Amino acid sequence: PEVIALRAATKTYAGGLTALDHADLTIRQGELLAIVGPSGSGKSTLLNLMGTLDRPTSGRVEVLGHDVAALSDRRLSAVRARWIGFVFQQFFLAPHLTALENVANGLLYHGIGHSGRRDRAAEALRRVGLGHRLDHRPHELSGGERQRTAIARAVVARPRIVLADEPTGALDSASGAAVVDLLRDLNAQGTTIAVITHDQALAAALPRRVRILDGRIREDGRTVLSAAQP
Ligand code: ADP
Ligand code: ADP
């Protein structure tokens, strides 16, 4: 099934700039793809539409079968909180909280009690290879460990989709490679993942690449289905 579908999706900002121009993009369950393009090409705009953070000016965006334009802000944030995990270049971890507490906060609005949240957070941290870092604060972690903590937080609620915006942008190449391996593992376990990146090596390592230039999308080369494709 399709988890994200854009049909002639267009986003024109106040002021008249069209950042996304009749974009067509279908992402199926189990895919792992890179979205590549230079600064200002429309990547963040595309990510905001795919993540239900914004609505198209015209055209259609469907996320998990929901027509994004038809849902209220409340329903949209419910869809987002339940089914979509976000990972950013800058990690956005709370500095005074431990890794475990940061990850547990990813479950705050999921009707799970305090100890249940901590159990699930510990499990997610073990899944990203940080079972030995539960009580460390961000400043006690390496950059790669911080990003893996942020990824644990993004997946602790078991989202269907993970959207990652330059997840290796702040990392050295070894830590970046570890983060890419982790995203591949999560994908192999069934999570659909879209990665925005400038990093050609990262993009080349993923099964599908979509290029964006001046708000226009095109598929790059042949599409290879990832291992988790049903
Ligand atoms: P990228 O993420 O590839 O750098 P963006 O989606 O951020 O691209 O931006 C695409 C274009 O839209 C750029 O010209 C940018 O300046 C413009 N843009 C992005 N967000 C806004 C906004 N909120 N208001 C007006 N213009 C915007
Ligand atoms: P990125 O590296 O993700 O492209 P940017 O620096 O382009 O980040 O944009 C950062 C934020 O500012 C985004 O939320 C984007 O939508 C917004 N933005 C970008 N360009 C403009 C603009 N011309 N006017 C208003 N907001 C903008």
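How many Å² of accessible area per residue for segment 10-157, probe 1.4 Å?
Here the residues of segment 10-157 average 46 Å² of exposed surface.
Just how far, in whole angstrom, is segment 152-218 from segment 82-141 if you go by their alpha carbon centroids?
First find each Cα centre; the distance between them is then 19 Å.
Which value, in debye to the nearest 20, describes the size of the charge dipole of the chain about its Cα centre when Lys and Arg Cβ atoms bear +1, Asp and Glu Cβ atoms bear -1, and nothing else is charged?
The calculation lands at about 460 debye.
Could you tell me the relative contact order of the chain? Use alpha-carbon pairs under 8 Å, at least six residues apart, and round to a whole percent.
Details: 457 pairs, mean separation 67.0, N = 230.
Contact order relative to length: 29 percent.
What's the magnitude of the charge dipole for segment 113-230 around its Cα centre, counting Lys and Arg as +1 and Asp and Glu as -1 at the beta-carbon? Answer in Debye, nearest 20. Mind showing how you got there, number by number?
Values: 19 positive and 14 negative charges, 88 e Å.
The dipole of segment 113-230 has a size of about 420 debye.
Hey, got the dipole for segment 1-101? About the Cα centre, +1 on K and R Cβ, -1 on D and E Cβ, debye to the nearest 20?
The calculated dipole for segment 1-101 is roughly 160 debye.
Which percent, to the nearest 5, of DSSP beta bridges fully inside the chain are antiparallel?
Within the chain, antiparallel bridges account for around 50 percent of the total.
Tell me the carbon and sulfur percent of the accessible area for the chain, rounded to whole percent, probe radius 1.4 Å.
Within the chain, the accessible surface is 49 percent carbon and sulfur.
The values are calculated or read from the model by the stated rules, or taken from the named source; none is laboratory data. On a predicted model such as this, the values are computed, not experimentally measured, just so you know. Backbone-built Cβ (ideal geometry, glycine too); neighbour counts: all protein chains shown. With ligands, DNA and RNA removed, areas are computed over all heavy atoms of the protein, side chains included. Shrake-Rupley method; radii C 1.70, N 1.55, O 1.52, S 1.80 Å.
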